[in-house]
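The values are calculated or read from the model by the stated rules, or taken from the named source; none is laboratory data. Since we're looking at a predicted model, the values are computed, not measured. Neighbour counts run over all protein chains shown; Cβ positions are idealised from the backbone, glycine included. Each accessible area value is taken on the protein alone, full model and side chains, heavy atoms only, with ligands, DNA and RNA left out. Shrake-Rupley method; radii C 1.70, N 1.55, O 1.52, S 1.80 Å.
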Amino acid sequence: MTLVKVAPPLDQDIDLSRTYDAVIVGSGAAGGMAAHVLTTHGLQVLMLEAGKKLPIEQELRSMQWPYDHPRRGEAPPGSHHLSFNEYTIRKPPYAKGAAFKHVYSYVGGWTGSDYVKNILVDEKDHPYTGTNYAWVRARCLGGKTNIWGRLALRLSDYDFKAKSHDGYGEDWPISYADVEPYYDKVDLYLGISGVKENLPHLPDSQFQRPSKLNFGEVKLRESLKKGGQVLTPYRAGVTTDGLKHNKYRSKCYGRGACERRGGCDIHAVFDSPTGLIYPAMDTGRLTVRPNSIAYEILVDKNTGRARGVAFLDSTTRKSYEAKAKVVVVGASTLESARLLLLSRSPQHPNGLGNSSGHVGHNFCEHVMGPGVTGLIKELVGKPHTLDDGRPGGFYIPRFRNLKDRQPGFIRGYGYEGNSGHTMFPAHVMDTPGFGGAFKRSVRDHAGAFISMGAFGEVLARYESYVDLDPDTKDKWGIPVLRFHYQFSDNERKMAEDMVATGREMLEAAGIELVGTDEKVLTEGWSIHELGTARMGNDPKTSVLNQFQQSHDVRNLFVVDGSSHVSASCQNPTWTIMALAWRSCEHLADEFRKGNL
């Protein structure tokens, strides 16, 4: 069942003999936003998506009951999702030599692997090498927006001007005031729920109706308030009041398995196809070509300007060229770096836009894993409440290294958490006993737990980088990425503080601590990869200018997370789209003036 209207047909006539105003590589948050902005400004745009066009209206099944699925959401035999131990003990490529027919990243192993088997890439076809890294990739129209976790946060000048605050790294060439109007545009166009808190380090959005905190979350919030800390309802990229300008999305009704990876089947949660791409197609100015694997950005030998993109058809393996006056790359941080490095020529021997030598470098993300779980004794044995269907529980914003200096590490972290009843009772696997007593204990305790896990900033360092493996290629014969990246002592010290502080928070609130997670998850687990083509004012130490425009090739723009100078500790999706909106408005203006 779905409330969404029929999507526009994607079997469009694609004329590769023509020269488009712009070609976009990628269809996720960045590529989708670029399509929206450029078509709004009248440009004729071709979008290349490496994956297939899924019938997303059928693929997303957040309203399906587990018992209506033949395997209660589990993938069919022959499919395998990688585990923490595999990522930690083995070295990539992780699917090499695997007996399974299909191997996927860890994401599907959370809640129903069958719901994402057509969204995630098969690791057998898409290897990578180097240091341990849990790389989550989705090759389909909309990319990872089809499975994202929905937390939609803004950055502040504590992030944009982090070097000025603590002396480490580089400041961004922009400030919050430059991006604030575009955050507002994203809020109003896509919808976001939350509560205003007036925090300088976590700016408020143009919020729609928030989800309600439950008893346990309010209990923790009131305790934190005494110490000057904030717990706020989850700031979700969800339209709770509806969007009159978008016929493809419905408002949130607070029902469905929102924790299930595989997205929201009425598209109350933002996804790029229904939120950005379908409306752009309705303008008549966007053409989408799926199954198109870009492997080189082409450069005019005489002018040095980008002239288009060379790509392979993933099904026929035939090679084609898409010609355009402007090239916009939004393939995701790591894939965009890969494409730039692949685009070598006599004019750009180290890869396109890489005169600085910084493409692939300054890689950063978020460290996660540490967390705590508590038992709210007042809720044991109490009547059940309906807590399913909320897009999220709560968020505790960063509090470290804002005014005081925390010993041992710089920057900070925030907590994501939740409490209440879920479709499958919490901690049932940890409950001892059997029979009637076991069942009573599960029912009595099911809604009495509260859990929270931290996401912390990983420092951007030049020595954290990816390059092309000279020997390993993917299914289509294209060189793959090789990782040179590990967490540092700063992240490890921060992770220790995450556990200790979480414990203190629960105990201060009178919540019984029943569990701690002290292990740091494998690099990449956050899925928040950033910074491989950072922006800056100096072409010698950065790849892009403040408008995500290449210093070396003026009609080349890279509008995804690769432009980020630092990671902050806030989830990046909303910032990626705000920056892409800003950059593409600049692009359209320069295009009209004939400067590109």
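Each row is one residue, and each column tells you yes or no for (1) open to solvent by less than 20 Å² (accessible area, probe 1.4 Å); (2) touching a strand residue (DSSP E or B) at 6+ places or on another chain (Cβ under 7 Å); (3) outside any loop (DSSP other than H, G, I, E, B).
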| site | (1), (2), (3) |
| --- | --- |
| Pro425 | no, no, no |
| Lys439 | no, no, yes |
| Arg443 | no, no, yes |
| Gly447 | yes, no, no |
Among (1) touching a helix residue (DSSP H, G or I) at 6+ places or on another chain (Cβ under 6 Å); (2) within 23 Å of Thr131 (Cα to Cα); (3) of a type outside the set (Ser, Thr, Tyr); (4) at pLDDT below 80, Leu82 falls short only on (4)
request  = Might you let me know whether the range 391-409 holds any residue that is basic (Lys, Arg), on the phi > 0 side of the Ramachandran plot and in contact (Cβ under 8 Å) with a residue 24 or more places away in the chain?
outcome  = no
Query raised in the report: Looking at this structure, is Pro200 surrounded by fewer than 21 Cβ atoms within 10 Å (Cβ to Cβ), touching a helix residue (DSSP H, G or I) at 6+ places or on another chain (Cβ under 9 Å), farther than 30 Å from Asp467 by Cα and without any contact (Cβ under 8 Å) to a residue 60 or more places away in the chain?
Result: yes
Would you confirm whether any residue within the range 327-347 is closer than 18 Å to Asp552 by Cα, open to solvent by 10 Å² or more (accessible area, probe 1.4 Å), part of a loop (DSSP other than H, G, I, E, B) and among the hydroxyl-bearing types (Ser, Thr, Tyr)?
-> yes
Picked from the range 569-592 (must be open to solvent by less than 30 Å² (accessible area, probe 1.4 Å) and out of contact with any Phe, Trp or Tyr (no Cβ under 9 Å at 6 or more places or on another chain)), the residue nearest to Asp178 (Cα to Cα) is Ile576
When the range 16-71 is checked residue by residue, the ones that are under 13 Å from Leu587 (Cβ atoms), open to solvent by less than 10 Å² (accessible area, probe 1.4 Å) and over 19 Å from the mean Cα position of the chain (by Cα) are Ala22, Val23, Val37, Leu38, Thr39, Leu43, Val45
Residues of the range 391-423 being part of a loop (DSSP other than H, G, I, E, B) and closer than 21 Å to Asn198 by Cα, in sequence order, are Gly392, Gly393, Pro397, Arg398, Phe399, Arg400, Asn401, Leu402, Lys403, Asp404, Arg411, Gly412
Over the range 240-289, the set of residues of a type in the set (A, V, I, L, M, F, W, C), at pLDDT 95 or above and more than 20 Å from the chain's Cα centre (by Cα) is Leu243, Ala280, Met281, Leu286, Val288
If we scan the range 176-195, do we find a residue that is farther than 21 Å from Ala580 by Cβ, charged (D, E, K, R), open to solvent by less than 30 Å² (accessible area, probe 1.4 Å) and modelled with pLDDT of 95 or more?
no
| request: Please work out if Thr516 is modelled with pLDDT of 95 or more, part of a loop (DSSP other than H, G, I, E, B) and surrounded by fewer than 23 Cβ atoms within 10 Å (Cβ to Cβ). | output: no
Margin query: Taking the conditions exactly as written (acidic (Asp, Glu), in a strand (DSSP E or B) and on the phi < 0 side of the Ramachandran plot), does Asp471 satisfy them or not?
Written below: yes
Of those in the range 466-479 that are of a type outside the set (D, E, K, R) and either buried (at least 22 other Cβ atoms within 10 Å of the Cβ) or in contact with a helix residue (DSSP H, G or I) (Cβ under 8 Å, 6 or more places away or on another chain) (or both), the residue farthest from His358 (Cα to Cα) is Ile478
The residue that is nearest to the chain's Cα centre (by Cα), considering only those in the range 519-565 that are part of a loop (DSSP other than H, G, I, E, B), among the hydroxyl-bearing types (Ser, Thr, Tyr) and within 24 Å of Trp148 (Cα to Cα), is Ser526
